[in-house]
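Heads up, the thing below is written out as structure tokens.
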Amino acid sequence: MSSTRKLTTGGEVVAWCTRCRLDLVHRIIAMVGGVPVKVECKTCGSHHRYRKPVEERAAEARVRAAAGPSAPGAGSKPRSASARALESAARENERERLWQAKIVGQPAHAFGLYSPRQTFKDGDLMRHAKFGDGVVTRVIDANKIEVLFRDGPRTLAHGLA
Ligand SMILES: [Zn+2]
């Protein structure tokens, strides 16, 4: 009776396809806590982590912008706010794509637990206790590295022997 959309493993969900770069129907391969984590694109067949559709994220950003009284230009320029939301979602997808390209398919043993005592080089993989899997994108200096995590780049310490 109720049309509540119950997501289940093996079921379908609209998600952002990191290869097709479109919101498409995906088959859910794995779920954690009622949320899809891994999906298969029904269009290109690729397996990747679940990403919310761009449209949905843009809509959420619009809601946040509308709800936030301190949002710059709130109420005056709804079109540009939604354009900005789409742009930022696209940037996020681009970053996600880069992250996936570096991380997905790497064997689990390639990810050592991050410690600032280690010395890293470009392209090194790590697992951070808080930020998850990451790849070193830049060695800033002898004690600083830039690491791309799923939610964005972060500067971490290294070489603190
Ligand atoms: Zn696809």
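Restricting attention to the range 112-161, and to residues there that are over 20 Å from the mean Cα position of the chain (by Cα) and small (G, A, S), which single residue is surrounded by the fewest Cβ atoms within 10 Å (Cβ to Cβ)? Filtering first and then ranking leaves A161.
Here is a yes/no grid of residues against (1) without any contact (Cβ under 8 Å) to a residue 40 or more places away in the chain; (2) in the same structural domain as A58 (by TED's automatic domain parsing); (3) of a type in the set (S, T, Y):
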site: A83; (1), (2), (3): yes, yes, no
site: N93; (1), (2), (3): no, yes, no
site: L98; (1), (2), (3): no, yes, no
site: S115; (1), (2), (3): yes, no, yes
site: T137; (1), (2), (3): yes, no, yes
site: N143; (1), (2), (3): yes, no, no
site: E146; (1), (2), (3): yes, no, no
site: G152; (1), (2), (3): no, no, no
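Please specify each residue of the range 24-61 satisfying the condition of being within 15 Å of the chain's Cα centre (by Cα), more than 20 Å from I103 (Cα to Cα) and within 13 Å of the ligand (Cβ to nearest atom). Correct list: P53 only. Count of the range 8-22 residues, restricted to those that are in a loop (DSSP other than H, G, I, E, B) and more than 12 Å from the ligand (Cβ to nearest atom), is 4. Scanning the range 34-53 for residues that are in a loop (DSSP other than H, G, I, E, B) and over 19 Å from R150 (Cα atoms) returns G34, K42, T43, C44, G45. When R154 is tested against (1) over 20 Å from H47 (Cα atoms); (2) assigned to a loop (DSSP other than H, G, I, E, B), only condition (2) is not met.
The values are calculated or read from the model by the stated rules, or taken from the named source; none is laboratory data. Model, not experiment: these values are computed from the prediction. Using ideal geometry, Cβ is built from the backbone for each residue, glycine included, and neighbour counts are taken over all protein chains shown.
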